[in-house]
Amino acid sequence: MVSIQLPDGSKREYPGPVTVAEVAASIGTGLATAALAARVGQGDSARVVDTSFLIENDAALAIVTDKDAAGLEVIRHSTAHLLAYAVKELFPDAQVTIGPVIENGFFYDFSYKRPFTPEDLVAIEAKMTELARKDEKVERRVLPRDEAVAYFKSIGEAYKAEIIASIPSDEDVSLYREGAFEDLCRGPHVPSTGKLKHFKLMKVAGAYWRGDHRNEMLTRIYGTAWATKDELQQYLHMLEEAEKRDHRKLGRELDLFHLDEHAPGLVFWHPKGWSLWQQVEQYMRAVYRDNGYQEVKAPQLLDKGLWEKTGHWDKYRENMFVTESEKRDYALKPMNCPGHILIYKQGIKSYRDLPLRYGEFGQCHRNEPTGGLHGIMRVRGFTQDDGHIFCLEDQILGECVAYTALLQKVYADFGFANIIYKVATRPAARIGSDEVWDKAEFALMESLRRSNCEFEVAPGDGAFYGPKIEYTLKDALGRQWQCGTMQVDFSMPERLGAEYVAESGERHPPVMLHRAIVGSLERFIGILIEQHAGALPAWLAPQQVSVLPITDAQGDYAREVVKTLQKQGLRVASDLRNEKITYKIREHSMQKVPYILVVGDKEKANGTVAVRARGNQDLGAMPLADFAQKIAGDIAQRV
C-alpha cells in the first residue's frame, strides 16, 4: 500500500505505486483537468514533479495548478520549450541552446545563420499557438549522459551536446518530448501543450553563448506567459504604461538630463533636472538634521591599503576604478563606509558618545558592465544618502525601530505607501560568533515587530559580516524597487581599528549600522519620474508655476507676478513669446508644470491670475495672494 497525505491533512491509500495524475483523478475530474504538476514531500525537502511522476512510497502530496506560483513557473518553463519547438518547425537549421524562466516570463537562445526579426516573432508566435492547440502530450525519458550526448549530436544539436558533456559521466539526464521536438531539461513540465494558452513573444536581443564575449553571438527571444488571459492583458497593459513612464524618455522630453557616449554610465544633469535633484537632496539633508545625524564628507579617492583592509581589494576590485600616482595605487570609492570609519577614529570616543550618527551624500563609482547600464537607474557614478550609526550592541534595537519609522515617513512624503520588508539572515560562510548573530538578527526582526511590520525572512542572504533589513517599495504600476537598507556590521570597525572606551575603561570596537533610505539618488529620481509619469508633485517639480501673458500688453504684469512668487521661494518662469495663448498653454501643459497662470487685461487690472492646474483643471481667476497661499499649502502637505 502507498499512503498519500493531502494538504488538508486527509490521507488516501492506493494498492501500489501511483502517479500524480492518478491521485488527482481519484480526487476529482476537475482537479485532474487543472493539475499541471505536484509538490511531493514537505518543507525544504519538497520538490515539484510532473503529473506523470510515479509515487512508490508513502508521501505528502499537493497538486499544483495554475493558481499556484509553482504552477505559473511550470507554465513559463513549458512555454519556453514550446517556443523552441516552433522555431525548429519554422527554421529547421536553427540550433537550440538554453531557455530558462525569468521574472514575468522566459527566454530561449538560438544559433542561426541570421538574427531573428520582429516579423519572425509574429510567425513563431502563430506557430506556437498552432502547436499548443494540438494538445500534444509532453513525455519524459531518462538517458545516461554519454547516450544523451550521442543523441543530440546525431540530430545536429551541438550546443545541447556540449551542455550535457559538462555533466559528470556517471549521471543520467532527462529529456522531454512534445510532438516532433525533444529537449534536454530537468523539468517539470505541463502534461500536454494544450495547457499553454496565454503567452506572447516580446522582443529579440543578442546574447553570447555561455555569456562569454569570445563565443558566438546567439539570438535571444524573450516571451511572457500567464495562467489566464486577464493576467496576460494586465501585464501587457502595465508594460505599455511603463513605456509611457520610462524615465529615459521623460528625461529627454522634460529636459532633465542626458547620457553621453563621452561618459558612459554617468549623468549630465540639465538645469531642470538638477533642480529636482536639489529638492530631493535638501529634503534628505533636513531628515539628517532633524534626526540626530551629523553630515560629513569623505574623499572619493582612497589608497589601496585601506581597500585591502576592508577586503574590497581582493573581493571587489574588478568593480572598482583604479588609478596610480607617484607609485601608489588608489581607487575611487565604491562605497562610503571606510571613509566614515576614518572620520570616527579621529579623537577618542567614549560609550557616552554613542550612538554616533554620520550622514553623507557620498559620490561613489562602480565599474558596471556596459550591458548592465540602464538610464539613470543603473550607472557607474552615483550619489548615496549614506548613513552610518556607530553604537553599542544593546542600542541596535532602538536604532532600528527609529530608522524604520523614519524611512516610512520619507517614503510616504515621496508618494510611496506600500513597503515590503525582508530580513536577510546569516550565510553559511560568515564571521563572528553565533551569539552575536543571534543578537543582531533578533534586533532586526524585533524592530520590525515593534514597528508593526510584517516581514519575510531570506535565510542565508545576509552579508558575511552581518544580517540586514531590505526595504522594498511598490510603485504605481506594482513594480518593486529595493531602495532602503539597514545592515548590522560587527566586522569593518574592528578591521579598521575603530574603538570606543567602555564604562569599564576597556576599549571595544563599536557596532556599525549601515543605512540608506533612498539609496542612489540617481536611481531614486528615476523611480520618482516613473512613479509620477513625469508629473511631479508641486514640492518636487523643477518648475512649479508658468506665467503666460495673453499679449505683449501684459508682459510687465507677468514679470511682476513672477518676481512676487519668486520672493516667496517658488520656482516660477514666464513665457513672453509672441505666440497664441492656446499654443503656450499646450506647450507648458506638456512640460507637466503643476500650475499655469494666464494673465490678460482683466487680470492685470484686477491684480488677479487665471489659474489652470495640471490635468486641464480650470480653477478660475483669483487674487495672486490667494494663489500663493494655495500652492504653499500644496508644498507644505507634499501633495
Is the shape of region 241-363 best called rounded, prolate or oblate, per the rule: a/c under 1.5 gives rounded, else a/b larger than b/c gives prolate, else oblate, with a ≥ b ≥ c the square roots of the Cα gyration tensor eigenvalues? oblate
Neighbour-limited loop hits for GluC sites (Glu not before Pro), region 77-178 (at most 16 other Cβ within 10 Å; DSSP other than H, G, I, E, B): 103, 171
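As an exercise, use a Förster radius of 45 Å and the Cβ-Cβ distance of residue 326 and residue 552 to find the FRET efficiency, rounded to the nearest 0.05.
So the FRET efficiency works out to roughly 0.10.
Nearest 500 deg cm²/dmol is fine: what mean residue ellipticity at 222 nm does the chain get from its DSSP H runs of n ≥ 4 alone, each adding -39,500 (n - 2.57), divided by its residue count? Provide the component values of the computation, followed by the final result.
Numbers: 20 runs with 226 residues, N = 639.
Counting only the DSSP helices, I get -11000 deg cm²/dmol.
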Over 19 Å (Cα to Cα) among 67/197; 67/229; 580/630 -> 580/630
Could you work out how far helix 521-531 tilts from the main Cα principal axis of the chain, as a 0 to 90 degree angle to the nearest 10? 80 degrees
Charge-dipole axis of the chain as Lys and Arg at +1 and Asp and Glu at -1 on Cβ define it, positive-most pick from 91, 363, 609: 609
What nm distance separates the two modelled labels at residue 119 and residue 335, each placed 7 Å from Cα along Cα→Cβ? 5.1 nm
Taking 0.36 nm per residue of separation between residue 348 and residue 297 and subtracting their Cα-Cα distance, the length gained on full extension comes to 16.4 nm
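If you take the beta carbon distance between residue 126 and residue 506 as r and set R0 to 60 Å, what does 1/(1 + (r/R0)^6) give as a FRET efficiency, to the nearest 0.05?
Details: r = 76 Å, r/R0 = 1.26.
Approximately 0.20, to the nearest 0.05.
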Relative contact order (percent) for region 347-416, with alpha-carbon contacts under 8 angstrom and 6 or more residues of separation? 35 percent
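Rounded if a/c is under 1.5, else prolate if a/b is larger than b/c, else oblate: which is region 72-143, with a ≥ b ≥ c the root eigenvalues of its Cα gyration tensor?
Details: a/c = 1.35, a/b = 1.32, b/c = 1.02.
It is rounded, given that a/c, with a ≥ b ≥ c, falls under 1.5.
Could you give the length gained on full extension between residue 208 and residue 394, defined as 0.36 nm per residue of separation minus the Cα-Cα distance, in nm? Let's see the in-between values first.
Values: separation 186, 0.36 × 186 = 66.96 nm, distance 5.10 nm.
Working it through step by step, the gained length comes to 61.9 nm.
Stretch residue 370-residue 453 to full length: gain in nm at 0.36 nm per residue minus the Cα-Cα span? Kindly include the intermediate steps, with their values, before the conclusion.
On the way: separation 83, 0.36 × 83 = 29.88 nm, distance 3.78 nm.
Between residue 370 and residue 453, full extension yields 26.1 nm more.
Pop the C-beta distance of residue 14 and residue 133 into the FRET formula with R0 = 41 Å and round what comes out to the nearest 0.05.
Numbers: r = 34 Å, r/R0 = 0.83.
Result of the calculation: an efficiency of 0.75.
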Over what distance in Å are the Cα centres of region 380-411 and region 300-359 separated? 19 Å
Would you calculate the separation in nanometres between label points at residue 318 and residue 286, each defined as 7 Å from the Cα along the Cα-to-beta-carbon direction? 4.5 nm
Rel. contact order, % - alpha carbon contacts under 8 angstrom, at least six apart, the chain: 9 percent
Can you tell me which lysines have their Cα less than 24 Å from the Cα of residue 315? Leave out same-chain residues fewer than eight positions away. 304, 327, 333, 468
Using a 7 Å offset from the Cα along the Cα-to-Cβ direction at both residue 495 and residue 237, what is the distance between the two label points in nm, to one decimal? 4.9 nm
Give a quick list of GluC sites (Glu not before Pro) in region 196-255 that DSSP marks as loop, anything other than H, G, I, E or B, with at most 15 other Cβ atoms within 10 Å. 216
Tell me, how many Å apart are the Cα centres for region 15-67 and for region 423-474? 35 Å
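Between rounded, prolate and oblate, where does region 7-65 land on the alpha carbon gyration tensor, with a ≥ b ≥ c its root eigenvalues, rounded for a/c under 1.5, else prolate if a/b exceeds b/c?
Numbers: a/c = 1.37, a/b = 1.14, b/c = 1.20.
Verdict is rounded for region 7-65.
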For region 562-576 and region 125-201, distance of Cα centres in Å: 67 Å
Please tell me the relative contact order of region 489-631 in percent, rounded to the nearest whole number, where contacts are Cα pairs under 8 Å and at least six residues apart. 18 percent
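FYI, it's all coordinate maths here, none of it is from the lab. A quick note: this is a predicted structure, and the numbers were derived from the prediction, not measured. So basically every Cβ, Gly included, is an ideal-geometry build from the backbone, and we count neighbours across all protein chains shown.
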